[in-house]
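Visitor: One structure coming up, written as structure tokens, with questions to follow.
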Amino acid sequence: MTAPGPPLGGLRFAVHTFGCQMNENDSERLAGFLRAAGASPAASVAEADLVVVNTCSVRAKSEEKLQSFLGRLRMLKKKRPLLVGVAGCVAQLRKESLAGPKSGVDFVLGFDQYDRIAEVAAESARRRVVAVSRTRGWREKKTAPLRESAVSGYVTIMEGCDNFCAYCVVPFTRGREKYRPVEAVLEEVRELAARGYREIQLLGQNVNHYRDPESGTDFAALLGRAAAVPGPEWIRFLTSHPKSFPPALARTMAATPKICRQLHLPLQSGSASVLERMKRGYTRKDYLETAAALRALMPSIRLSADIIVGYPGETEAEFKETLSALAEIRFAGIFSFCYSPRPRTAAARLTDDVPAEIKKRRLMEVQALQKDIQLAFHKTLIGGRERVLCTGRSKKDPAVFAGRNEGNQVVNFRSNADVVGRFVEVEITDAGPYSLRGIAVAG
């Protein structure tokens, strides 16, 4: 009697991602589970038998992108057999509407069900499936992720958030905080080290809340232990919350050369009154003091942040406080957005009273100011040298290599040798607001 083959043997799959590094890491794990079930990656969505769309829901824009993409997939389904699944934050948030008969979606998969994707996908060929139930504690889902990069690897250390900022949907999609055991985290770091990864990125919605569920080990201690694993030369982490950034974490960063002198610390607004309405738990003064303390310990640290404009009730004077904060702090980079109401959040009950055209104008002002700040900073680097981790070749010019420096700035450079996957000393010869350009220095 012949043994049954793998449940998805012969199927070609594509995982399409809208969202942040956490979503990207989730997609790598979804792809790993599909591969383990016998499916193989398709060269493109057009060639796939199964398409999983993994998407964020922090902002309305991601949901708009999802709906547009699902429209394209519905057209494909009219031409040939195709299974379509939606995973991630939107799957948790919009499970009822996504499972509707006209959606074109065959299955909806929540975070805690990712290891069931093969079973759910196979069942969805017969009937529509919604699998979004959550567990309260951490449940380790063993798989070999199908990683996009052979140089820099993501390692999840926690899920969820307990902060309940007024505008943020994450506690309602990712759930309450749950922490991965420290030994499981370190095991994955060691696995990446054994495979030659040069950089590790520790991920969580609020990493400075991390506590090992067994020993109580905090994030500063976990970070130190991850940095002690031989092999990888850079360790990064995100995201941190300004209201609970512990001094011990700053000291660990300063004392450990392998931890990059780079930190993403979302500001959201430069106005103390807006921050209070956002329920962020810190003031403008608090944030400025934290940034100053970090720079006192690590003068070369490069800070980045998120900025929201047009939050309900934001006056022109409050907006100007955000501009002045940007001018004072001088971030190395920002991610900036117009406010959009998210379901179930406290802010969704407020009147979204800043007109769209004013939001757009404020966003343009923020981005124009930040562009000037970045260009001015980048020009100070011309003539100096930056250590760069080369992650591949430039998408615009295959003769040019691309990578990032310790501060996480993009560096495009020329080299006589193939240096993909290696650290390179690059002399900076030119700069724009969003990247640096240079020439590899022979070592």
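A short reminder: the numbers here are calculations on the coordinates, not readings from a lab. The shown structure was predicted, so the numbers you read here are calculated from the model rather than taken from an experiment. We place every Cβ from the backbone using ideal geometry, glycine too, and count neighbours over all the protein chains shown.
Visitor: Under the classification rounded if a/c is under 1.5, otherwise prolate if a/b is larger than b/c and oblate if not, where does the stretch 263-314 fall, given a ≥ b ≥ c as square roots of the Cα gyration tensor eigenvalues? Walk me through the intermediate numbers first.
Guide: Working: a/c = 3.40, a/b = 2.02, b/c = 1.68.
The shape class here is prolate.
Visitor: Using only helices, what value at 222 nm comes out for the chain when you add -39,500 (n - 2.57) per DSSP H run of length 4 or more and divide by the total residues, to the nearest 500 deg cm²/dmol? Walk me through the intermediate numbers first.
Guide: Values: 13 runs with 147 residues, N = 443.
Computed mean residue ellipticity for the chain: -10000 deg cm²/dmol.
Visitor: Among the GluC sites (Glu not before Pro) in the stretch 165-251, which ones are in a DSSP loop with at most 10 other Cβ atoms within 10 Å of the Cβ? Mind listing them?
Guide: Those that pass, being in a loop and sparsely packed, are 214.
Visitor: A follow-up question, please. In whole Å, what are the Cα extents of the stretch 101-198 along the three principal axes, biggest one first?
Guide: Principal-axis extents of the Cα atoms in the stretch 101-198, largest first: 46, 36, 22 Å.
Visitor: For the stretch 387-397, what does the Karplus curve 6.51 cos²θ - 1.76 cosθ + 1.60, with θ = phi - 60°, yield as ³J(HN,Hα) per residue in whole Hz, taken in order and with x for Gly and Pro?
Guide: Per residue, the Karplus-derived 3J(HN,Hα) values read 7, 10, 8, 7, 9, x, 9, 4, 5, 7, 8 Hz.
Visitor: Here's something else I'd like to know. So, counting K/R as plus one and D/E as minus one, what does the shell of residues with Cβ under 10 Å around residue 146 add up to?
Guide: +1
Visitor: Within the set 65/395; 95/279; 141/395, which residue pairs have Cα atoms separated by over 26 Å? Intermediate results must be reported in sequence, preceding the final value.
Guide: Details: 65/395 23 Å; 95/279 28 Å; 141/395 34 Å.
Over 26 Å apart, Cα to Cα: 95/279; 141/395.
Visitor: How big is Rg to Rh over the stretch 12-131, alpha-carbon atoms, Rh as the Kirkwood inverse-mean-distance radius?
Guide: Details: Rg = 12.7 Å, Rh = 13.9 Å.
Radius of gyration relative to Kirkwood radius: 0.91.
Visitor: What residues have an amide H closer than 5 Å to that of residue 336, excluding those fewer than 5 places away on the same chain, when H is modeled at 1.01 Å from N in the peptide plane?
Guide: Amide H neighbours of residue 336: 307.
Visitor: While we're looking at this one, here's another question. Would you mind classifying the stretch 385-440 by shape? Square roots of the alpha carbon gyration tensor eigenvalues, ordered a ≥ b ≥ c; an a/c under 1.5 is rounded, otherwise it is prolate if a/b is larger than b/c and oblate if not.
Guide: rounded
Visitor: Any idea how far apart residue 244 and residue 183 come out in nm if each label point goes 7 Å out from Cα toward Cβ?
Guide: Going from the residue 244 label point to the residue 183 one covers 2.5 nm.
Visitor: In Å and whole numbers, how far do the C-alpha atoms of the stretch 152-380 stretch along each principal axis, longest first?
Guide: Projected onto its principal axes, the Cα set of the stretch 152-380 covers 53, 44, 28 Å.
Visitor: Mind checking the stretch 197-241 for trypsin sites (Lys or Arg not before Pro) that DSSP puts in a loop (not H, G, I, E or B) and that have at most 10 other Cβ atoms within 10 Å?
Guide: Loop-located and lightly packed - none at all.
Visitor: Using +1 at the C-beta of Lys and Arg and -1 at the C-beta of Asp and Glu, which of 181, 227, 83 has the Cα lying farthest in the positive direction of the dipole of the chain?
Guide: Projecting each Cα onto the dipole axis, the largest value belongs to 83.
Visitor: For the chain, state the semi-axes of the equivalent ellipsoid (square roots of 5 times the eigenvalues of the alpha-carbon gyration tensor), sorted largest first and rounded to whole angstrom.
Guide: 35, 28, 23
Visitor: Taking Cα atoms of the stretch 268-391, Rg/Rh with Kirkwood Rh, to two decimals?
Guide: Details: Rg = 16.3 Å, Rh = 15.9 Å.
Taking Rh as the inverse mean 1/r over Cα pairs, Rg/Rh reads 1.02.
Visitor: Also: Whole-Hz ³J(HN,Hα) for each residue in the stretch 300-309, computed from phi via Karplus 6.51 cos²θ - 1.76 cosθ + 1.60 with θ = phi - 60°, x for glycine and proline: what do you get?
Guide: My calculation for the stretch 300-309 gives 8, 4, 10, 9, 10, 7, 9, 9, 10, 10 Hz in order.
Visitor: Label 7 Å along Cα→Cβ of residue 96; the stretch 148-169 residues with amide nitrogen under 19 Å?
Guide: In the stretch 148-169, the label zone of residue 96 (backbone N under 19 Å from the point 7 Å along Cα→Cβ) covers 169.
Visitor: What does the extension gain come out to for residue 142 and residue 357, with contour length at 0.36 nm per residue minus their alpha carbon separation? Intermediate values should be presented prior to the final figure.
Guide: Numbers: separation 215, 0.36 × 215 = 77.40 nm, distance 4.75 nm.
Value of the extension gain: 72.6 nm.
Visitor: Roughly what % antiparallel, to the nearest 5, for the DSSP beta bridges in the chain?
Guide: Of those bridges, close to 35 percent are antiparallel.
Visitor: Once the dipole of the chain is set up with Lys and Arg at +1 and Asp and Glu at -1 on Cβ about the Cα centre, which of 124, 23, 143 lies farthest towards its positive end?
Guide: Ranked along the dipole, the leading option is 124.
Visitor: Can you give me the C-alpha center-to-center distance between the stretch 29-72 and the stretch 256-312, rounded to a whole angstrom?
Guide: First find each Cα centre; the distance between them is then 33 Å.
Visitor: Positive end of the charge dipole of the stretch 311-443 (Lys, Arg +1 and Asp, Glu -1 on Cβ, about the Cα centre): tell me which of 441, 392, 370 has its Cα farthest that way.
Guide: 392
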